[in-house]
Each structure stands twice: as structure tokens, then as C-alpha cells.
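Student: One structure coming up, written as C-alpha cells, with questions to follow.
The values are calculated or read from the model by the stated rules, or taken from the named source; none is laboratory data. As the structure is a computational prediction, the values presented were derived from the model and not from experiment. Every residue, glycine as well, gets a Cβ built from its backbone with ideal geometry; the counts of neighbours run over all protein chains shown. SASA here: full protein model, heavy atoms, side chains in, ligands and nucleic acids out. Shrake-Rupley method; radii C 1.70, N 1.55, O 1.52, S 1.80 Å.
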Amino acid sequence: MANDNITNKQSLPAVTAADFEPVNINERESEVIKRESLTAWRDTWERLRRNKVAMTGLVALVVIIIASILGPYVAYWVHGYDYQTNDLMATNQKPSALHWFGTDDLGRDMFVRTWSGARISLIVGVAAALIDLLIGVIYGGIMGYFGGRVDTIMNKFSEVLYAIPYLLVTILLLVVFEPSLGTIILALTITGWINMSWIVRGEIMKLKSREYVLASRSMGAGTGRLLFRHLLPNASGPIIVTLTLSVPNAIFAESFLSFLGLGVQAPISSLGSMVENALTGWMYYPWRMLFPAVLISVIMLAFNLLGDGLRDALDPSLKNK
């Protein structure tokens, strides 16, 4: 046995000064090694930025938002057109250098009204989605955190409410109350928060048994701290994705209600109400329907592209699923 140990020791290579020399690496590899660690949000942004489809949607949304804010002012500065001034001598004119999107049946400039309508549609969609976020996070957070009987009762209530046809509830509410911007936003959130609450519930139930949550609870952290400092921030990925995809759903619902005549009322208008107003003469004056309809489609597509990109960026394991 002793001879074997001696043999093994003698077979080991000798240590030389060359073994302590720095490893030769190229410049690119050294930059990667020296690169600072990224925060979770910066890492998400880097992945999102590499997603060309998602960035296309983001750029389109930024352009649309800027145009909806500045477009009416540009038309007023160039031609003196405002949102609601009628010109019965210039009704139903085709797009031209004087009226970039043409005019409607009252001679109002369609360029101004299209971008003003986009502003209203975006306000409705974003406001409804944010209210859904607020209610859904609170309701779903309580269900997921407490579980047990509390979760059973609250979940049954949301299931019963969800079983009621969404558009039926919305239409009934708008029939009972006078349609307005605030009423439409309220109607869209009657049951719109339920999907968000279920997303939050599932994420909280999955996270509340993690080691860092148990450690924080053992150190005396209360319910509020556990929810808002540990659970909800770590569930932010699915929440943000659901929020992003809720906006186009609300815009489509508002456009559909406006198409039925239950949307925002004159003198203001949304993209949906503009499509409804253009329906009667679309065969003769197609531009009156073309521009608002195309803009609705582009807004919804851009939000969906961005939502899909955020899903992949926040959770790469979901990519291509």
C-alpha cells in the first residue's frame, strides 16, 4: 500500500511557474467577464429590445400616442381646423392636401377627429385596464394569500360573476345610465377584473410557500409586507403581461359599444363611434371608415405584439408556447 502511494505521488505533474501565469483571453471575452450584473428589469428590457416584433409594437404605440396628442394641434396650426367645427360647404370630401383624411358628412376634418378619437379610445382602454389591475391585484392577492375558506368563497363569487355574459352586463348598465366616458369605463370594469384576479391568485399561491417568504414570515413580517414587498413584485411578470393585453380588449369592447350607439356621445367621439357614423355611406365615402378602422386594428395589434414580447422577456421559459 505504501508503495502504491509513493507511485501515485510520483506520477503527479510538477508545479511550475507557468501554471501561475494569467490565462490568455481575447478582448471580447474580457468585456463579457467584466460586464456588470443586470437588475431584473434591465435584463427584461435587454431581452425585450432583442425581440424585433415586440419592439415594432412598442414603436407603433409610441407613434400613435404622440400623434393622438399632437395631431389635432398640428392640423389646427396648419389649416385652422378644430375638433367639432362644421363646414357644410365641404362635406364628404376625399383626402387631399387641404383635408389629409378627408371630411365627414358635416364637413369636419377627419384627420383631427381620427386622432382625437384615438385619444379617447386610448384613455378608455388604459383607464379600464388600470382599474382592472387595481381590483384584480387586491382581490386575487387576498384569495391567494389566505387560501382556505376565504379563497373558496371569493373564488365562487368571481366564478358566478364571470358566468354572466360580459357584454350583456355592460349593455344593461349603459342602458340604465346615460352613456358617458366615465360610465363606459365603469361598465368595462364590472367583470373585467376577474381574469386579472385569477392570474394574481395563481401566482401568489405558487410563491407563498417559497423559502424567502417563509423566512420573512418567521422574522415577523406582516401580511401587507409579505404581499407588497415579496409576493406581488415576484408575480409582476404575468401581471404586466395581462395588463398589456387587457388594454386592446377594452378598446375593442368600447369600439363595439360605440358601434351599437352606446359609446361616448357627441360632441366627443371615439374611433368606434366614428366607424358607426361612417357605416351608412361607406360605399360612397370609404375614407370615413377606413382611417378609424385601420387605426383600431393597428392599436390592438401593437398591444398584442408588445404583450407577447413582454411575456417572453419576463419569462423566457414561455417562449414559443
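Student: Tabulate in residue order the Karplus-calculated ³J(HN,Hα) for segment 196-213, using 6.51 cos²θ - 1.76 cosθ + 1.60 with θ = phi - 60°, rounded to whole Hz; enter x for Gly and Pro.
Tutor: So the Karplus estimates, Gly and Pro as x, are 4, 5, 5, 4, 5, 4, x, 5, 5, 5, 6, 8, 5, 9, 5, 4, 5, 6 Hz.
Student: Based on DSSP H runs of at least 4 residues, each adding -39500 (n - 2.57), what is the mean residue ellipticity at 222 nm of the chain after dividing by all its residues, to the nearest 500 deg cm²/dmol? If you can, show how the numbers build up before the last one.
Tutor: On the way: 13 runs with 210 residues, N = 321.
Using -39500 (n - 2.57) per qualifying helix, the result is -21500 deg cm²/dmol.
Student: Then there is this: Give the label of the value calculated from the structure for percent of Cα pairs over 31 Å apart, choosing from (1) 31; (2) 51; (3) 38.
Tutor: Entry (2).
Student: What list of ³J(HN,Hα) values in whole Hz, one per residue of segment 172-185 in order, does the Karplus curve 6.51 cos²θ - 1.76 cosθ + 1.60 (θ = phi - 60°) give from phi, with Gly and Pro shown as x?
Tutor: Karplus values, whole Hz, x for Gly and Pro: 4, 5, 6, 6, 5, 9, 5, x, 8, 4, x, 5, 5, 4.
Student: Hey, can you grab everything whose amide H is under 5 Å from the amide H of residue 107? Only 5+ residues off in sequence or another chain; H modelled, so Pro and N-termini drop out.
Tutor: 87, 92
Student: Using a 1.4 Å probe on the protein chains only, how many percent of the accessible area of segment 74-219 belongs to carbon and sulfur? Kindly include the intermediate steps, with their values, before the conclusion.
Tutor: On the way: 5270 of 7690 Å².
In segment 74-219, the share of accessible area belonging to carbon and sulfur is 68 percent.
Student: Apply the Karplus curve 6.51 cos²θ - 1.76 cosθ + 1.60, θ = phi - 60°, to the phi angles in segment 277-287 and return the couplings in whole Hz, x for Gly and Pro.
Tutor: Couplings: 5, 8, 4, 5, x, 5, 6, 9, 10, x, 5 Hz.
Student: Can you give the accessible area per residue of segment 208-321, in Å², using a 1.4 Å probe?
Tutor: Numbers: 5780 Å² over 114 residues.
That works out to 51 Å² for each residue.
Student: Further, regarding this structure: How do 256-264, 225-233, 93-101 rank on mean C-beta neighbours within 10 Å, highest first?
Tutor: 256-264, 225-233, 93-101
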